Structure formats: structure tokens, C-alpha cells
Amino acid sequence: MEAFTTHTGRAVPLRRSNVDTDQIIPAVWLKQVSRTGFEKGLFAAWREDPAFVLNDPTYENASILVSGPDFGTGSSREHAVWALQQYGFRVVISARFGDIFRNNSTKMGLLPVVLPAEVVEKLQAEVEADPALEVTVDLAAREVRWAGGSAAFEIDDYTRWRLLEGLDDIGLTLRHADDISTYESGRQRWLPTTV
Amino acid sequence: MGLTLAEKVWERHVVRRADGEPDLLYIDLHLVHEVTSPQAFDGLRLAGRKVRRPELTVATEDHNVPTVLGPIADPVSKAQVETLRKNAAEFGVRLYPMGDAGQGVVHIIGPQFGLTQPGMTVVCGDSHTSTHGAFGAIAFGIGTSEVEHVLATQTLPVYRPKTMAIEVNGELPYGVTAKDLILAIIAQIGTGGGQGHIIEYRGEAVRKLSMEGRMTVCNMSIEAGARAGMIAPDETTFAYLKGRRHAPTGEAWDTAVEYWRTLRTDDDAVFDTVVEIDASTLSPFVTWGTNPGQGAPLNTAIPAPEDTGDPAAARRALEYMGLTAGTPLTEVRVDTVFVGSCTNGRLEDLRVVADLLRGRTVTARTLIVPGSMQVKADAEAEGLHEVFTAAGAEWRAAGCSMCLGMNPDTLSPGERSASTSNRNFEGRQGKGGRTHLVSPQVAAATAVTGRLTAPADL
């Protein structure tokens with residue numbers, strides 16, 4: 001996983017709630033067996049509308065998505081995270097995230113930042129007023145900063161450490177292979193096998 | 001202080017616990033399908049890893065498969081299915097491929113084979129894994145990185161979610177189903193209401209549900225924002241499981257049932273959140289918008305956006321859906337009816353649809369898609385397929401089908417459906433398609449009249 005420490009970039013406001021993962025990457029894009037090329041499918045249906053915010057050249061090269069609440073609800077498709085990252089996003093800010101999307105993001109190094117709804121709206125308004133506004137997301141300090149404001153965000157220590165170091169979960173878990181074997185020897189005997 | 005059902009099952013599966021870290025949780029059953037697994041198997045290959053416990057892993061082909069028997073026409077879908085076959089063979093995972101009598105939607109076949117049992121942990125790269133919680137299992141959807149993690153280690157590092165009780169008091173009125181109940185719950189608590197929680201559905205109305213109904217309720221926990229939903233196992237659960245292919249037998253059955261009986265929330269246990277629902281006030285429920293929380297009783301009118309919790313979203317949804325506030329829901333005309341999916345693709349669902357279609361004719365395009373080939377065989381043994389085809393409906397083979405339109409079963413732009421599936425998102429059933437989520441009963445009645453209709457109004 002790519003490490004995440006601090007990121008500074010431009011932001012784009014997405015003034016919609018309940019941005020489900022079917023919108024982030026429609027199902028037709030899920031037929032690929034590779035991990036690449038998903039940027040073309042990001043918000044594929046919405047991008048057909050010339051008025052959609054990602055089509056606004058003002059926000060070109062933005063790397064921080066500032067969305068309405070309940071971002072990433074619905075399907076567990078990690079392709080949604082891949083699509084956002086491959087398009088160029090490093091951070092998504094929202095008042096609430098779908099649990100699975102949020103989890104998938106932290107496995108891939110896309111930082112989901114939860115801020116209170118009023119702070120998200122303030123940031124959206126300030127980005128709309130000045131699209132060139134530089135926003136800094138500082139994971140070490142657990143803080144978002146921009147000219148005109150700052151906000152602290154919460155993230156648990158373990159996930160933060162993993163992101164800061166860019167650590168791969170499987171490698172971390174395999175350090176405890178002996179614990180897994182011990183647990184397995186005590187499993188209830190009637191538990192089913194698939195064979 | 002006592003423990004909740006979720007806490008009891010969780011504690012039994014903790015492999016390792018350390019301060020400041022998520023618990024390392026053992027996974028008893030890993031369900032795999034073609035869409036969210038190829039990159040995970042690739043990851044194993046790149047790292048030179050094996051599947052740790054192939055015998056706790058099972059795969060099926062469901063999302064991409066055509067429901068008209070024959071080869072897969074779309075070369076991209078075909079390549080994905082072939083990739084799963086290659087991966088299953090290489091890593092020694094049992095696969096139920098297209099054409100096999102055991103093939104079906106991943107969340108239908110787990111319970112059908114008796115693989116899903118009380119007190120287990122079940123994961124799958126699919127958010128509707130919450131279905132399996134109907135047996136008193138902790139079951140939740142995961143992304144592809146976690147699929148790879150479970151394949152490699154049979155565990156997952158996870159923080160224990162908070163617990164939420166949804167107490168459904170009173171009795172569901174006649175003709176009101178598990179689907180109406182869960183749609184009403186989602187409308188009440190919202191699509192984010194269950195975030196960070198495992199929901200336990202409790203109360204008289206829940207106890208009276210069949211296993212099929214309980215699976216429908218738990219299935220849509222994710223639409224309420226919860227990664228998992230559970231129902232404590234009881235005699236209904238044990239009766240459903242007994243004799244199934246992978247259920248314990250003989251002495252092991254007795255030992256298992258003795259343990260399963262302990263899987264209930266202690267009287268003095270405390271939930272982080274409690275929600276109460278009065279079942280006796282419910283009636284057939286449908287969605288009018290583009291998220292599952294945008295629903296209303298079928299006998300009401302489409303709400304004015306300003307009367308909803310999120311007016312901007314409601315305005316946008318009505319525009320997308322081509323609907324006007326104030327229109328009675330029963331005046332909404334539909335083009336297509338879809339009966340199927342992991343929400344409502346089981347035999348019991350097909351029986352109620354057949355009961356309503358018997359001797360009647362459909363006026364909308366109606367697709368009836370069994371959740372598995374076993375459900376198909378069982379339905380045909382009862383002659384249900386003859387009822388469907390005599391009514392003018394299309395009787396198909398098993399798969400996810402029009403629930404998400406990855407196979408050829410899709411809506412065209414502007415086409416409107418009444419669907420027994422779980423998501424009414426924009427474009428979910430095909431680009432530009434408009435979806436109303438309904439129960440199987442409402443789907444059948446709607447198929448007959450061509451507009452959203454309660455069975456009582458037929």
C-alpha cells in the first residue's frame with residue numbers, strides 16, 4: 001500500500017448526499033480482472049452531464065474530493081477506491097462514509113476524512129469561491145488546513161500508523177500465524193467444510 | 001453485565017487481541033464470486049501465497065451469468081467467469097459453475113447447503129453477505145483487499161462494531177411481509193442509521209418470520225448502513241438447517257444445537273443503540289427515490305421534497321425518477337417487473353408470486369429469476385414455472401440478473417421497474433433505469449396491473 005503522510009492539493013466540491021459506490025463506479029466496469037484502468041469509469045454516468053462538477057475545468061487536477069454525507073454507501077466494490085485513486089484523488093472528505101468503503105479506502109491508502117457536516121459545507125463553499133484554494137490534509141497531525149480555516153479529524157491510532165507507514169495488512173497478520181494455528185486447533189468440530 | 005448475541009459470537013472468534021489494535025477475527029466461511037475475487041487471487045500469486053483453508057472457502061458464478069441458458073455472449077463477462085474457474089482450480093477452491101445443479105447467487109447457496117450456521121463468522125466480497133446473519137452468524141461484506149487477506153490467513157483484523165437492537169414489537173398485519181418491514185426500517189433510520197453497528201433484529205414480529213423472511217430482513221441491513229444484521233437462532237432456524245448437506249448430523253447435531261441455544265442476547269445485556277418499530281402499523285412499502293431510505297407506504301402519495309429529511313436529494317431523485325410530488329404511488333406505471341435476487345429469490349418468494357399470478361395475466365414485462373438452480377428445480381417440482389409462463393412471465397435460470405444488470409438483463413434508459421431486489425440507485429438496473437423496490441407480493445400484483453399495486457387491490 002502507498003503510504004500517506006501529508007497531502008496538499010486542490011479540492012473539488014461534490015454537493016450530493018448518498019453518493020453510492022454504483023455511482024462512483026457503475027457495475028459494467030466491474031467486469032475487468034485487472035486492478036488498473038478504472039479512472040475512465042469514475043462517476044461514468046454523471047460525467048456524461050457537461051454540468052457535472054468533475055467536468056468543470058476550474059477543478060482540473062483536484063486531488064481532494066469534498067462530498068456531502070454518506071459517501072460510498074452500498075456495494076462493497078473496492079473498484080470504487082481504485083477508480084478514485086487512479087483518477088487522481090488522494091483524500092475524500094465527508095461527514096459520513098459507508099463502512100465498507102471507508103474500510104476499503106484505508107487498505108489502499110486513499111484517506112477518508114470525517115468532518116462535521118457544517119465544516120464540510122464551509123470547505124465546499126470556500127473551494128467554490130476560490131477553486132485554486134490549497135488544502136492540506138495532515139494525517140500525522142490529524143488535521144485539515146486551508147487558508148481561512150482548519151479542522152481536526154479522528155482516526156484510530158492503528159489505522160493511522162498503517163497508513164503512515166504504508167503497511168500491508170496480510171504481512172502484519174502473518175506475523176501471528178502461530179496464534180491462528182492455535183485458534184484453529186480449538187474450533188468446534190461440527191463446523192462445516194465446503195468439500 | 002450480560003452479552004449481546006453479536007458479542008458472544010465475536011468473542012468466540014477472536015484469534016488475537018492487543019491494546020490499540022483491531023481484533024484478529026477468525027473466519028469460518030468465505031464465499032467467493034467472480035467479480036470481487038480476480039485481483040485478490042492475483043495478489044496471492046504475486047506474493048507466492050496459498051489459500052490457507054480452501055475447505056472453508058466456496059465459489060460460485062452469479063453476477064455475470066446469463067439467465068437464459070447458453071454460453072456467455074459478452075467476452076468481458078466470459079473472461080471474468082473463466083478467470084474464477086482458473087483460480088478455483090489453481091488454489092483448490094470448490095466452485096459451483098454455471099450449469100451445475102449447485103450454482104446460484106452466493107447468498108442463496110450458502111444457506112441452501114447448510115453451510116451457514118448459527119454462531120459462525122461469514123464473509124464475502126459482496127455487501128449483501130449480511131443475509132447470513134439470519135442464522136445468528138456474524139456475516140459481513142468485504143472489499144477485494146480483505147478477500148485476499150482472508151484467502152491468505154482465514155482471518156481479518158476488525159474493530160468490533162457497536163451493537164444496535166431493532167425491536168419489532170407487535171404483529172405484522174396480514175399481507176405485510178419481511179420486505180415491507182425492512183424497507184420501513186430503512187426509511188425510519190436512514191441509509192446511514194446503522195453505520196458502525198451490527199444490528200440485531202428482535203421482537204415478536206421477527207420471531208414469527210420464516211428463515212426466508214429473516215434472510216430478507218438481514219440482507220438489507222447494509223441498506224440501513226450496517227455492515228451486519230443478526231437474528232438469534234431458534235427452533236425455526238434449527239428446523240431449516242436439519243438435514244441440509246453441510247449441517248451436522250447425529251451426535252454432532254445435538255452438540256451443535258445445545259451450543260446454538262446459548263446464542264441469544266442475555267437479559268441484562270446493553271445495546272449501544274435501540275430502535276423500536278411497531279409492526280402492527282405497517283403496510284406494503286415501496287421506494288420512490290434513488291436510495292433505499294426514500295420509501296413510503298404504497299397507499300400514500302409521493303412526498304414533497306421539503307417534507308423529507310434531505311430535500312435536495314429528494315428533488316434530484318424525483319427528477320431522475322420522472323415523478324411528481326403528490327402523485328399517489330398506486331398511479332405510478334411500470335414497464336418491467338423483476339422477481340429475484342439475494343433479497344427475494346428463494347422458493348418462498350416464488351410461491352407467493354405464483355399464488356398471485358395463478359389464473360391471471362401480466363401486463364408488464366416480468367422476469368422471474370430463481371436465486372439458485374436448486375430453487376429453480378424445487379419451483380419446477382411444484383409446477384410454479386407453469387403458473388409463471390401461463391401468466392406471460394419469463395422464467396429464467398439462476399443468477400443476480402437484473403438486480404445489478406451485469407448480465408444481459410437490464411433496463412433501458414427511462415424504463416421503470418418494480419423490483420424485489422435491494423437497491424434503487426441511479427442506473428443500478430441499467431443506465432437511466434428507474435427502480436422501485438417492492439416485496440414479491442407487490443411485484444406480482446404490479447405485474448398484473450402495470451402500475452404499483454398492493455395484492456389486496458387485485
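Some values worked out for this structure:
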{"read-out": "Kirkwood Rh and Cα Rg combined as Rg over Rh, evaluated for the range B:132-171", "value": "1.13"}
{"read-out": "Cα radius of gyration and Dmax for the protein assembly as shown (Å)", "value": "23.4, 72"}
{"read-out": "Theoretical gain in end-to-end length, B:Lys78 to B:Arg17 [0.36 nm per residue, Cα-Cα removed]", "value": "17.7 nm"}
{"read-out": "Chain A: Cα Rg divided by the 2.2 N^0.38 Å rule of thumb", "value": "1.15"}
{"read-out": "Added length on full extension, which subtracts the Cα-Cα distance from 0.36 nm per residue, B:Glu382 to B:Lys208", "value": "60.2 nm"}
{"read-out": "Highest to lowest packing among A:96-103, A:165-172, B:374-381, A:23-30, scored as the average C-beta count within 10 Å", "value": "A:96-103, A:23-30, B:374-381, A:165-172"}
{"read-out": "Radius ratio Rg over Rh of chain B, counting only Cα atoms, Kirkwood formula for Rh", "value": "0.95"}
{"read-out": "Of B:Gln80, B:Leu25, A:Gly149, farthest towards positive along the dipole that unit charges on Lys, Arg, Asp, Glu beta carbons give the protein assembly as shown", "value": "B:Gln80"}
{"read-out": "For the range B:269-310 and the range B:158-218, distance of Cα centres in Å", "value": "12 Å"}
{"read-out": "The range B:182-229: proportion of alpha-carbon pairs further apart than 17 angstrom, %", "value": "26 percent"}
{"read-out": "Nearest-0.05 FRET efficiency for B:Thr262 and B:Glu331, computed from C-beta distance (R0 51 Å)", "value": "0.50"}
{"read-out": "Straight-distance crosslink candidates among lysines, where the alpha carbon sits under 29 Å from B:Lys162 and sequence neighbours closer than 8 are dropped", "value": "A:Lys107, B:Lys8, B:Lys179, B:Lys208"}
{"read-out": "Kirkwood Rh, angstrom, the range B:308-355 [1 / mean 1/r, Cα pairs]", "value": "13.6 Å"}
{"read-out": "Approximate spin-label separation A:Asp49-A:Thr8, in nm, with each point projected 7 Å along Cα-to-Cβ", "value": "3.4 nm"}
{"read-out": "Gain in span if fully extended, B:Ala304 to B:Thr281, counting 0.36 nm per residue against the direct Cα distance", "value": "6.1 nm"}
{"read-out": "Chymotrypsin sites (Phe, Trp or Tyr not before Pro) lying in DSSP loop within the range B:58-163, provided at most 15 other Cβ fall within 10 Å", "value": "B:Tyr159"}
{"read-out": "Value of [θ]222 nm, deg cm²/dmol, for the protein assembly as shown, DSSP H segments ≥ 4, -39500 (n - 2.57) each, nearest 500", "value": "-9000 deg cm²/dmol"}
{"read-out": "Within 10 Å of each Cβ in A:161-169, the average number of Cβ atoms from other chains", "value": "2"}
{"read-out": "The range B:1-131: radius of gyration over Cα atoms, expressed as a fraction of 2.2 N^0.38 Å", "value": "1.20"}
{"read-out": "Surface/4 of the Cα convex hull for the range B:371-458, nm²", "value": "5.9 nm²"}
{"read-out": "Cα-based equivalent ellipsoid, the range B:249-309: semi-axes from gyration tensor eigenvalues, Å", "value": "41, 17, 12"}
{"read-out": "Partner lysines for A:Lys31 [C-alpha distance under 19 Å; skip if fewer than 8 residues away on the same chain]", "value": "A:Lys40, B:Lys78, B:Lys86, B:Lys431"}
{"read-out": "Rounded to the nearest 10 Å², the accessible area of B:Asp457 at probe 1.4 Å", "value": "110 Å²"}
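The values are calculated or read from the model by the stated rules, or taken from the named source; none is laboratory data. All values derive from a computational prediction rather than experimental measurement. Note that we place each Cβ from the backbone using ideal geometry, even for glycine, and neighbour counts take in every protein chain shown. Quick note on the areas: whole protein, heavy atoms, side chains included, nothing else; ligands and nucleic acids left out. Shrake-Rupley method; radii C 1.70, N 1.55, O 1.52, S 1.80 Å.
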